[in-house]
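The structure under discussion appears below in the form of structure tokens.
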Amino acid sequence: MARLELDRVEVTLGGNRILHGVSLDVADGECVALLGPSGCGKTTTLRAIAGFTPVSAGEIRIAGRSVLGLPPHKRNLGLVFQDYALFPHMTVAQNIGYGLRMRGEDRASIAKQVAEALALVRLSDMAERYPARLSGGQRQRVALARALVIKPDILLLDEPLGALDRKLRDAMQVELKRIHREVGVTTIIVTHDQEEALSLADRVAVMFAGDIREVERPATLYARPKSRAVMDFLGEANLIPAEVTADGALRLPGGAEIPHGGAKPGLVRLGIRPEHMAILPAPGPGSIAACVTEIVFKGAHASLYAEGPAGLALSASLSPAALEAPPAIGETVHLRPDPAHLILFEEDPA
Amino acid sequence: MQGASPRLTGFLLLAPALVFLIAFYLVPLGTMVEESLRSAPNDMDPRAGLHLFQYDRVWNSGRSWRALERTVRISAISTLLTLLVAYPIALFLFQVRAFWRTAILITIFVSLASSLIVRNYGWLVTLADAGPVNQLLLALGIADEPLRMVYSEGATIVALVHYALPFMILPIYGALTRIPPSFVEAAQSLGAGPWRALFGTVLPLSMPGIFGGTTLTFAICMSAFVTPLMLGSPATAMISQVAAEQFLVQLNFPFGSAMIVALTLVTFAILLAYTLLIRAVFRHHA
Amino acid sequence: MPDAKGFRIVVATLALLGLAFLVFPVIFTGVVAFGGSIFIEFPPQSLSLRWFENIGRINRIWDATITSLYIGLITAALATAMGAAAALALVRSPLPGKAMLTSLLLSPIALPIVAIGIALIQFFILLGMAFTWWSLVIGHLVLVIAYPVRTVAAALTLSNPSLEEAGASLGASPWQVFRTVTLPQMAPGLVSGFLFAFLISFDNYPISVFLVRGELTTLPIELFNYISQNLDPTPAAFSSAYVAVVAALILLAERRWRIISLSIPR
Ligand SMILES: Nc1ncnc2c1ncn2[C@@H]1O[C@H](COP(=O)(O)OP(=O)(O)OP(=O)(O)O)[C@@H](O)[C@H]1O
Ligand SMILES: [Mg+2]
């Protein structure tokens, strides 16, 4: 267990700069999720920490000491690979005991620790099986036990649930949370599933194109993202072009205005989550008229999609009650952003 | 394979095999080619220079030219026959249960690994004047007296097909395993009968296997040496035999070398033409 | 694969005929090997084991068998060591010109076999080491080195490279990773590469014929000579024993290491 610091880490592969100075500080015992679209460099970051990818600039410290000079096998990290990488020629118990054997521990101590690790991931009765005869979820847990049993300073998980189906993934999320609570190891979990990131991690680091944009607690990140890109990437979001007028009001598309203080006059983007868009039957103060294009039922709630002025795409959540008598497709509704939940972003120059 | 310099590690791993092949394969082949460009046996006169005299002889001497031509003919026929025998076997492997599939594959492997001399001997006895094939022909009244089958071009072809069969079955089987079953089902669900599905879908999709198998078989037959030696006669000699005679009997090394170089070039030329042809015909399948 | 009763029957009939063609000479040889007459007889009028006993009595064949065993084992061991190392480099190392190196290593099997013998005998005469035991091993090695390269490369390609990183992340040094992860992954390729290298060396005639002389002789040479000069069923007995041993080896290797799937081209 230890603190992990990445300080402006740069990685160049095959002539391409993949990481552009990634900085991240993970506290002792903390679980940070690395979230970002495919190809943004999440795996590369993990491989740089593990020592499989050379770092061209910057610094990586574990427990305050630089590890850049250490080969992978001396870094004492627990790695769980996306495809688990279980040794096919070893039983579950041999797989889990591998790291301890490499450390030259004696048989009795290995057997004891393997038994504990098997109990931790609830696979005690599978010890003598070969990986080929395990289910996906079981393999995942063996990989986790194998990484944990060496008491790593840091646990690195690369899309650990990516290969599992929805239901198993939910169950494993709960399991991972429990194990992290019991073991308390500093953890980085890579994922491109935002729900997984938000539910598993103490903090979420959002990464785009080789750059960590924002590191925040899940609730804050969702409610108050600092950039438009993060807001757009996390969950559903309305991003409405607007103008701050000279007298400090916000002029919405279609002409409605909401009072707003503090912003400099000019063009802005309003960010607002669909659950903070009220659906009004008639025009109200600060509402935008839009034509309903689609209503999608999503279990606990439903989403309404509509087209506002100049083709602006808007969405709002429909409560179960509202769903009893939903607006018809093609009908005009009036969507009003809740000023308390509005976030203002500067309009991109583009 | 990490470490200070994976490239250096790789080079060190490769070095023994590479150095060995350069010293005892590339250099001797180069020496042989050089030898083939000399005009007379043991012509070590450094001023003699190199020329194509020996190749002229390969083309113009009756025996070597006929042997070369016969080699190409026998190889082409054997390759075609091998394909015809192998394809149904490869298809059949998909019709049987796993146990039989493994059993058949093991049989094919044992055949592949069994001594060529042993297998040729099997054909010598099988096709002998008093052998079972002749006995069958007599019993069925097809022949009145035993036929002379051994020591002929036909016997050579039969044994070559037998030798090459595993080299044809395995690539075709490999290619067939890669055809998604849904393709064939789709063809059949669109109303294609099994034969239409075979010729319209399965056969074109297994083309990489057919190409690999026929290429390998043709190359094997072109370089056949023991088989025509055991089952053919001097009148049906293939080019490797005639070249070997130059070394073992005539002691004319330059001429023998020229024959082998010519055989290699002819084989590569035919295979190259074949590759280009197949590519042109099946361009849209790649 | 296409499915319909008539189709299946036609395919099965053709395939079974083809398989009969494949096994018939071997089975037939096995039957006549037990005949009692000094000529090959079918069907045998009397049964005996004398031809099997006779194998051991023909000194030249017996001595040649021992020579071929030694040459085969040494050739196969060297070929497997050098070929496996090369395959490891070709599959796992960032080397320039891999395609060319691969075709160089595999090319000896594509060349007319006689060419290797002919090229080597001229070369060995120049070097003054013709007709020696080592010249035979070298000749065979040139031919068979391609087999372990191919099978080990196939085994490595099938195995997951992140296994080695997993080993390193768990604290194994590069050498430990090689011993505990890479080597076991290579095992089926090593076994089938060794087996084929041995069998091909043991059976080689077209290279050996140029490199043997006098007392230095191999089994295929002696077997060939015996077949050309004698009509008794000893070679039949020998053949049956040979095929039985090969079959046992292959069955064993398949049960333990699943070598067959490695040799089906992908
Ligand atoms: N060996 C390499 N050489 C050159 N470029 C590479 C190499 N490995 C990865 N890349 C590139 O680096 C970028 C980041 O890759 P990385 O695997 O880290 O993405 P990722 O965020 O893990 O994506 P995913 O969610 O799809 O796994 C990609 O654009 C990829 O193409
Ligand atoms: Mg990734």
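Data overview
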{"quantity": "Residues in the stretch B:114-133 that a label on B:Ala143 would reach, taking backbone N under 15 Å of a point 7 Å out along Cα→Cβ", "calculated": "B:123-133"}
{"quantity": "Gyration tensor verdict on the stretch A:150-234 (Cα atoms; rounded if a/c is under 1.5, prolate if a/b is larger than b/c, oblate otherwise)", "calculated": "prolate"}
{"quantity": "Radius 10 Å from Cβ of A:Val26, net charge of other residues (Lys, Arg +1; Asp, Glu -1)", "calculated": "-3"}
{"quantity": "Computed Kirkwood radius, in angstrom, where 1/r is averaged over Cα pairs of the protein assembly as shown", "calculated": "33.2"}
{"quantity": "Using alpha-carbon coordinates, inclination of helix C:133-144 to the longest axis of chain C, degrees", "calculated": "70"}
{"quantity": "At least 30 Å along the helix axis (C-alpha) and Kyte average at least 1.6, DSSP helices within chain B", "calculated": "B:253-281"}
{"quantity": "Computed lengthening from A:Val174 to A:Ala57, 0.36 nm per intervening residue step minus Cα-Cα distance", "calculated": "38.4 nm"}
{"quantity": "Cα centroid separation, the stretch B:111-134 to the stretch C:60-99 (Å)", "calculated": "30"}
{"quantity": "Residue with peak Gaussian network fluctuation, chain B [Cα springs, cutoff 10 Å], from B:Leu81, B:Leu124, B:Leu13", "calculated": "B:Leu13"}
{"quantity": "A:Leu70 versus B:Thr177: modelled label distance in nm, points set 7 Å from Cα along the beta carbon direction", "calculated": "4.3"}
{"quantity": "Rotationally averaged projected area of the stretch C:191-233 (alpha carbon convex hull; nm²)", "calculated": "4.1"}
{"quantity": "Chain B - percent relative contact order, Cα under 8 Å, separation 6 or more", "calculated": "28"}
{"quantity": "Where only C-alpha atoms are counted, convex hull volume of the stretch C:5-262 per residue in Å³", "calculated": "193"}
{"quantity": "Whole-angstrom gap from the stretch A:137-175 to the stretch A:27-52, using each part's C-alpha centre", "calculated": "15"}
{"quantity": "Sorted by Cβ neighbour density within 10 Å, fewest at the top, the residues A:Arg169, B:Arg101, A:Arg146", "calculated": "B:Arg101, A:Arg169, A:Arg146"}
{"quantity": "Rg [Å, one decimal], Dmax [Å, integer] - the stretch B:161-227, C-alpha atoms", "calculated": "14.9, 50"}
{"quantity": "Gyration tensor (alpha-carbon) shape descriptor, the stretch B:85-158, a/c threshold 1.5", "calculated": "prolate"}
{"quantity": "Sites A:Glu307 and B:Ala280, calculated FRET efficiency, Cβ-Cβ separation with R0 45 Å, nearest 0.05", "calculated": "0.30"}
{"quantity": "Descending semi-axes in Å of chain A, equivalent ellipsoid built from Cα gyration tensor", "calculated": "47, 25, 15"}
{"quantity": "Charged-residue dipole, Cβ positions (Lys, Arg, Asp, Glu), chain B about Cα centre, Debye nearest 20", "calculated": "780"}
{"quantity": "Cα gyration tensor category, rounded, prolate or oblate, for the stretch A:268-350 with a/c compared to 1.5", "calculated": "prolate"}
{"quantity": "Chain lengthening between C:Leu47 and C:Thr157 when straightened (0.36 nm per residue, less Cα-Cα)", "calculated": "34.5 nm"}
{"quantity": "In degrees, nearest ten, helix C:59-92 long axis to first principal axis of chain C (Cα)", "calculated": "20"}
{"quantity": "Ranked A:Lys226, A:Lys112, criterion: other C-beta atoms within 10 Å, fewest first", "calculated": "A:Lys112, A:Lys226"}
{"quantity": "Rounded to 10°, Cα long-axis angle of helix A:166-183 versus longest principal axis of chain A", "calculated": "60"}
{"quantity": "Under 25 Å from the Cα of A:Lys42 - lysines, other chains or at least 8 residues apart", "calculated": "A:Lys74, A:Lys151, A:Lys167, A:Lys177, A:Lys226"}
{"quantity": "Distance between modelled label sites at A:Glu243 and A:Asp125, nm, 7 Å Cα→Cβ extension", "calculated": "7.1"}
{"quantity": "Amide H contacts of A:Leu280 (H built 1.01 Å from N, under 5 Å, at least 5 apart or other chain)", "calculated": "A:His334, A:Leu335, A:Arg336"}
{"quantity": "C:Leu216 versus A:Arg251: modelled label distance in nm, points set 7 Å from Cα along the beta carbon direction", "calculated": "10.1"}
{"quantity": "Cα centroid of the stretch C:173-217 to Cα centroid of the stretch B:207-231, whole Å", "calculated": "23"}
{"quantity": "Fully extended contour minus Cα-Cα distance, from A:Arg133 to A:Thr293, at 0.36 nm per residue", "calculated": "52.7 nm"}
{"quantity": "Whichever aspartates and glutamates have a C-alpha closer than 16 Å to that of A:Lys298, once near sequence neighbours (fewer than 8 apart) are set aside", "calculated": "A:Glu195, A:Glu236, A:Glu275, A:Glu324"}
{"quantity": "Descending semi-axes in Å of the stretch C:1-142, equivalent ellipsoid built from Cα gyration tensor", "calculated": "39, 32, 14"}
{"quantity": "Counting all C-alpha pairs of the stretch C:167-253, share separated by more than 16 Å (%)", "calculated": "69"}
{"quantity": "Local electrostatic count at A:Gly330 - Lys and Arg +1, Asp and Glu -1, tallied over other residues with Cβ under 15 Å", "calculated": "-3"}
{"quantity": "Over the stretch C:5-262, relative contact order from alpha-carbon pairs under 8 Å, at least 6 apart, %", "calculated": "30"}
{"quantity": "Mean separation of Cα contacts under 8 Å, 6 or more apart, over the residue count of the stretch B:116-259: relative contact order %", "calculated": "27"}
{"quantity": "For the protein assembly as shown, calculated [θ]222 nm from helices alone, where every DSSP H run of n ≥ 4 adds -39500 (n - 2.57)", "calculated": "-17000 deg cm²/dmol"}
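Values quoted throughout were computed directly from the atomic coordinates according to the rules given, and no laboratory measurement underlies them. Remember, it's a predicted structure, so these values are computed and weren't measured experimentally. Virtual Cβ from ideal backbone geometry, glycine too; neighbours counted across all protein chains shown.
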